[in-house]
Amino acid sequence: MSTDFMSLIATDSVRFARSKNLINKASGTYNIIRLPHFAFVREIVLVETVAYAGGAIDGTISIGFTGNGEVADVDGFMTVAHAQAAVVGSRKISDDIAAAWYAGKWFNTAGGQVTITFTTGTCTTLVTGVVFCEYYVIH
């Protein structure tokens, strides 16, 4: 005889957040989207409207997180390499299977924030864009 261990905790709380416009940000890590406790991040999309240009075009972009009682992970969701960062377009975490949390991340211990890290290198034209985050709140 089997013992059922069924549990269902459902949510209808789907949220889609947008960062402020990221315009010509210098090298550094920026907190861009606040996440509540029990948020499950399902997708993040970076929309780059102005790409890195000039110089050696050696700039990179990384999207990660801080919070949840963990050590911050600046590239856990996405790393946009030099060649990619030099091209205007949209990128999403589910396309970056090398990222630690590309399949999703649950903030079960505490809330947190999505972060973006710019490394401008020698580029003379800096990135402009916006980040979108789809997450579910499930207790």
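The values are calculated or read from the model by the stated rules, or taken from the named source; none is laboratory data. Quick caveat: nothing in here was measured; it's all calculated off a predicted structure. Glycine also receives a Cβ, built like all others from the backbone with ideal geometry; neighbour counts cover every protein chain displayed.
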Would you say residue 56 is touching a strand residue (DSSP E or B) at 6+ places or on another chain (Cβ under 6 Å), farther than 17 Å from residue 33 by Cβ, of a type outside the set (Lys, Arg) and in a loop (DSSP other than H, G, I, E, B)?
no
Counting only residues that are closer than 19 Å to residue 77 by Cβ and small (Gly, Ala, Ser), which one in the range 12-26 is surrounded by the most Cβ atoms within 10 Å (Cβ to Cβ)?
19
Return only the number of the condition from (1) at pLDDT 95 or above; (2) over 15 Å from residue 27 (Cβ atoms) that residue 122 does not satisfy.
(2)
Would you check which residues across the range 121-131 are touching a strand residue (DSSP E or B) at 6+ places or on another chain (Cβ under 9 Å) and either over 9 Å from residue 59 (Cβ atoms) or not hydrophobic (A, V, I, L, M, F, W, C) (or both) and list them?
121, 124, 125, 128, 129, 130, 131
Is there any pair linking a residue in the range 15-41 that is more than 10 Å from residue 113 (Cβ to Cβ) to one that is surrounded by fewer than 13 Cβ atoms within 10 Å (Cβ to Cβ), with Cβ under 7 Å and at least six apart or on different chains, and which?
38/139
All positions within the range 1-39 that are among the basic types (Lys, Arg) and not in a strand (DSSP E or B)
20, 25
Counted residues, the range 82-109 - those being assigned to a loop (DSSP other than H, G, I, E, B) and touching a strand residue (DSSP E or B) at 6+ places or on another chain (Cβ under 6 Å)
7
Criterion: touching a helix residue (DSSP H, G or I) at 6+ places or on another chain (Cβ under 7 Å) and of a type in the set (A, V, I, L, M) - qualifying residue of 61, 33
61
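Rundown of residues vs (1) touching a Leu at 6+ places or on another chain (Cβ under 7 Å); (2) surrounded by 15 or more Cβ atoms within 10 Å (Cβ to Cβ); (3) farther than 19 Å from residue 17 by Cβ, yes/no style:
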residue: 36; (1), (2), (3): no, no, no
residue: 51; (1), (2), (3): no, yes, yes
residue: 62; (1), (2), (3): no, yes, no
residue: 78; (1), (2), (3): yes, yes, no
residue: 86; (1), (2), (3): no, yes, yes
residue: 117; (1), (2), (3): no, yes, no
residue: 134; (1), (2), (3): no, yes, no
